[in-house]
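The values are calculated or read from the model by the stated rules, or taken from the named source; none is laboratory data. All values reported here derive from a predicted model rather than from experimental measurement. Here Cβ is always computed from backbone atoms with ideal geometry, including for glycine, and neighbour counts include all displayed protein chains.
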Amino acid sequence: MSVSAYSERPTAKAGENDGFSVPWSRPRPKRTFVSARLVSAITILLLLIAWTASASLQLVSPVFLPSPAAVWAKFVIVARDGFVDATLLQHLLASLWRVFAALIAAILVGVPVGLAIGISRIGRGVFDPLLEFLRPIPPLAYLPLIIIWFGIGEPSKILVIAIAMLAPVALSTAAGVRGVSRERVDAARSLGATRAQVIRHVILPSALPSILTGLRIALGAGWSTLVAAELVAATRGLGFMIQSAAQFLVTDVVVMGILVIAIIAFVLEFIIRRIERVLVPWAGRE
Amino acid sequence: MSHLILDKVSVLYDGQKAPAVERVSLDISKGDFVVLVGRSGCGKTSLLNVAAGLVEPSGGLATVDGRPITGPGSDRAVVFQNDALFPWLTARENVAFALRLRGVSADKRARRADELLSLVKLGDAGDKRIWELSGGMRQRVGLARALAAEPEFLLLDEPLGALDALTRERMQTTLLDLWAAAQVGVLMVTHGIEEALVLATRIVVLAPGPGHVVRTFETHFGRRYAAGEPIRTIKADPAFAAARADLTDAIFEGEAV
């Protein structure tokens, strides 16, 4: 932190000071650092206050911006009584199920593909261009094609999310595999490991930290594809809930749905980081 | 009696015009401790990799007991400068790795691993994770792991290169102890002149451009340690100082120092 502050300071020549107190002119032995977390908390608090104030002063119509209290009230109602024939929990579980089904599909395809890219030139030649082609396409662009091919059922929704997850999983796996130290592989071979044993006992565990990072990115990508996936013919799901609320201008449900999606994304990220700490405690300590 | 023989071996890497090693011959028997020394770029590590089967010679022949070396094998276990241990395994599991590859049962390989850990004086570190160990301890685990494969030959690529001077000195006697206990032939690459003298039964001095043998010394200081003489006494022997001067001359021959 102090290093970046140091490099950013302008190069002031001696005598240019004009008697003004320049904060970086003298090294101060005791600096009180404000933790970034505290700043974040204050920022969020200020935003909430601004939101409450603008809503209660009726600066904008509640159709555009419902008050936090209204959103909270809606949260309680939807959690208890539901919205469009399903409770909030049912919407949430429907969405979570889709995202996790897609994650498992993305792991089953993406990890072997990443492994192939990482260990074989042919694998890289085959899969690299495909992934590079797929990666930048927004999910909404291929959604219609998938519906034409696979219909409007559950598999299409899961597929849309899984495609969004595939590239991060495969590319992170490939990066992890390519990063395995040569010496580690050579040591295993000189201890009698066959090619298959090297992959199973050395390359995959070595790449695990990178694979988990890929899963974390994939989960984020998949979660943000959710609303697109639930655009068509869904009857449950957070994305569907927001969609239908928007059609009837039930803005408080829309805002509440957005907040729930954000909070769940945060929780998922937190859980994966925990899993990383348990599964790959050596990451960053080598 | 096992023999590891490099016969007029040359190594030419892809895309390079000059060979890294040209027509070098080595002969290592069980019980030998052969040390390769020489300035940077003299092809020490290339030769070790040929013996390990990790690099294919572009000329000449590498054999073990008359059979050509076609790839790495557990009869020639390698220990690298950076331990190349597996951080997702405990020290014991690392040592047992070669046995696991062979399908040895879990309790049998744990027992063997503990024996080997005691041999390298890490008897109580079996459950430790690799990142909890110091550099010297890691290298001990690496040696124990190599010995678990029950190799005929131990190939050491600057195994003590990354250690501090004091740990290094202590590890030298550990190496001698292991060499005596395991009855293996050792081929080791080092930059340390004193280290070479302490350990070797034979020192092969290489010079660069392309790598070739300039001189071979038969030494006996390691055997004296194995016979029970303390290492300090050996190093204080005037013969040791004289050998050291000779070896230094040979390494820097033809170079203004």
Q) Where in segment B:75-129 are there helices (runs of 4 or more DSSP H), lying wholly inside it, with at least 3 residues that are within 24 Å of the chain's Cα centre (by Cα) and not aliphatic (A, V, I, L, M)? A) B:91-95, B:106-119
(Q) Suppose we keep only residues that are more than 10 Å from chain A (Cβ to nearest Cβ) and crowded, with 22+ Cβ neighbours inside 10 Å within segment B:95-108. Which one would you say is farthest from B:Glu158 (Cα to Cα)? (A) B:Ala96
Q. Do we have B:Leu160 as buried (at least 18 other Cβ atoms within 10 Å of the Cβ) and either modelled with pLDDT of 90 or more or under 28 Å from B:Ser40 (Cβ atoms) (or both) here?
A. yes
Q) Out of all the residues in segment B:52-79, which are at the interface with chain A (Cβ under 7 Å from one of its Cβ atoms) and modelled with pLDDT of 90 or more? A) B:Ala52, B:Leu54, B:Pro72, B:Arg76, B:Ala77, B:Val78
Q: Answer yes or no as to whether B:Ser29 is surrounded by fewer than 18 Cβ atoms within 10 Å (Cβ to Cβ) and at pLDDT 90 or above.
A: yes
Q) Right, B:Glu115: touching a helix residue (DSSP H, G or I) at 6+ places or on another chain (Cβ under 8 Å) and without any contact (Cβ under 8 Å) to a residue 24 or more places away in the chain or not? A) no
Q | Residue count for segment B:87-131, restricted to those that are farther than 19 Å from A:His201 by Cα and not charged (D, E, K, R) | A | 9
Q. Among (1) away from every other protein chain (no Cβ under 14 Å); (2) assigned to a loop (DSSP other than H, G, I, E, B), which single condition is B:Val24 missing?
A. (2)
